[in-house]
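Asker: Sharing a structure here in structure tokens format.
The values are calculated or read from the model by the stated rules, or taken from the named source; none is laboratory data. For clarity, every value in this text was computed on a predicted model and none was experimentally measured. A quick note on method: Cβ atoms are made from the backbone with ideal geometry, for glycine too, and the neighbour counts reach across all protein chains shown.
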Amino acid sequence: MKKYKLIFALLVFVIVMVGCKYDDFMVDYTYSSVYFPKLSNIRTFVVGEIHDIQVGVVLGGKRDNKVEEWVNYQIDPTLVPAGSVLLPSDYYTLSNNEKMVIPVGSFQGAVTISIDTAKFLNDPLSLQAKYVLPFRLISTSADSILPLQKTQIISLKYEQKYFGNYYHNGVTTITNAQGIISNIGYHQDEPVTNVVNNWIMTTVGPYKLQTNGISNNKGGVNNAFYMTVTNNGTVNISKSPTSAYSVVGGPSSYNPEKKEFYLRYSYANAGSTYQVSDTLIFRNRILDGVNQWR
């Protein structure tokens with residue numbers, strides 16, 4: 001019996017000690033602070049999808065945030081790095097021009113950047129992430145601003161709505177100079193572990209994409225063409241300036257429910273004519289570091 005009492009006493013002691021140790025982690029720090037989680041970041045507007053993005057701060061040093069906190073900021077042109085350009089003030093609006101508010105119960109506060117699509121999308125610099133908005137924190141209701149994380153430079157660009165990686169299936173009918181006809185078929189099962197055959201659709205304009213393949217050929221400056229996607233789903237195919245092939249587009253379309261392109265086009269090469277019927281099936285895209293799958 002004494003043995004059991006001793007074991008019980010030891011268990012109670014351990015529980016009490018663990019509880020006291022845990023309490024040490026349940027208290028706030030002496031001082032609270034606000035800061036930008038990153039010193040620089042690239043953010044992307046997507047045509048027809050994302051025309052607003054948020055930029056925010058983090059509150060640290062508290063286990064619970066029981067009061068509303070705020071931080072004042074300014075757009076500081078002196079932070080613009082070499083090779084970048086300050087985003088013109090008439091290209092955007094901010095949900096609050098001077099303050100980010102951290103609500104009760106939250107540890108994050110943000111402002112929303114809304115882009116003027118008519119101006120931003122028609123500027124070539126917007127496609128290259130050359131424009132930046134440099135933020136500097138200047139005052140706060142919290143105890144301090146972390147000195148090494150009081151600025152953030154946001155680089156801004158846009159992507160065409162249908163950019164990304166696609167499975168590529170199709171058939172090409174080849175007619176040579178002697179009139180001899182042959183067919184080439186190509187097919188990718190889904191999912192594909194070997195992505196080397198996937199087509200990459202790259203943004204070249206607000207409504208225009210460039211492929212990195214043509215027929216069953218992929219890679220290189222010649223194996224490419226332009227695709228312009230209209231609002232009604234019609235796809236217009238045209239020659240890419242990097243390619244020697246004069247691609248002529250046929251009836252082509254996009255199915256938004258299936259996320260598939262149905263392409264018809266032709267081109268000539270080395271005396272032969274190529275009639276192509278391709279299907280592109282959306283696989284994934286990387287948007288601001290996030291892998292977005294089908």
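Asker: Considering only segment 54-70, how many residues are within 17 Å of GLY105 (Cβ to Cβ) and part of a strand (DSSP E or B)?
Answerer: 7
Asker: If the requirement is being surrounded by fewer than 18 Cβ atoms within 10 Å (Cβ to Cβ), at pLDDT 95 or above and either hydrophobic (A, V, I, L, M, F, W, C) or under 27 Å from the mean Cα position of the chain (by Cα) (or both), which of these qualifies: TYR254, TYR226, TYR262?
Answerer: Every option except TYR262 fails the conditions.
Asker: Let me ask something additional. Of all residues being without any contact (Cβ under 8 Å) to a residue 12 or more places away in the chain and outside any strand (DSSP E or B) in segment 215-266, which is farthest from ASN284 (Cα to Cα)? Just the residue, please.
Answerer: PRO241
Asker: For segment 168-176, indicate whether the set of residues that are assigned by TED's automatic domain parsing to the domain that holds ILE200, more than 30 Å from TYR31 (Cα to Cα) and either within 23 Å of the chain's Cα centre (by Cα) or among the aromatic types (Phe, Trp, Tyr) (or both) is non-empty.
Answerer: yes
Asker: Here's a follow-up. Just one of ASN96, ASN122 is surrounded by fewer than 16 Cβ atoms within 10 Å (Cβ to Cβ), touching a strand residue (DSSP E or B) at 6+ places or on another chain (Cβ under 6 Å) and in a loop (DSSP other than H, G, I, E, B); which is it?
Answerer: None of the other options fit; the residue is ASN96.
Asker: Considering (1) part of a strand (DSSP E or B); (2) buried (at least 16 other Cβ atoms within 10 Å of the Cβ); (3) of a type in the set (A, V, I, L, M, F, W, C), say which one ALA142 fails and leave the rest.
Answerer: The failed condition is (1).
Asker: ILE154: within 25 Å of TYR265 (Cα to Cα) and either assigned to a strand (DSSP E or B) or more than 28 Å from the chain's Cα centre (by Cα) (or both), yes or no?
Answerer: Judged against the criteria, ILE154 is not a match.
Asker: Based on this model, can you work out whether ASP90 counts as modelled with pLDDT of 95 or more, among the acidic types (Asp, Glu) and surrounded by 14 or more Cβ atoms within 10 Å (Cβ to Cβ)?
Answerer: For ASP90, the condition - modelled with pLDDT of 95 or more, among the acidic types (Asp, Glu) and surrounded by 14 or more Cβ atoms within 10 Å (Cβ to Cβ) - is not met.
Asker: Could you tell me whether segment 184-199 includes any residue that is within 25 Å of LYS157 (Cα to Cα) and either within 26 Å of the chain's Cα centre (by Cα) or in a strand (DSSP E or B) (or both)?
Answerer: Within segment 184-199 (the criterion being within 25 Å of LYS157 (Cα to Cα) and either within 26 Å of the chain's Cα centre (by Cα) or in a strand (DSSP E or B) (or both)), the answer is yes, since at least one residue qualifies.
Asker: Check segment 92-115 and report whether any residue there is in contact (Cβ under 8 Å) with a residue 60 or more places away in the chain and touching a Pro at 6+ places or on another chain (Cβ under 7 Å).
Answerer: No, there is no match, as no residue in segment 92-115 is in contact (Cβ under 8 Å) with a residue 60 or more places away in the chain and touching a Pro at 6+ places or on another chain (Cβ under 7 Å).
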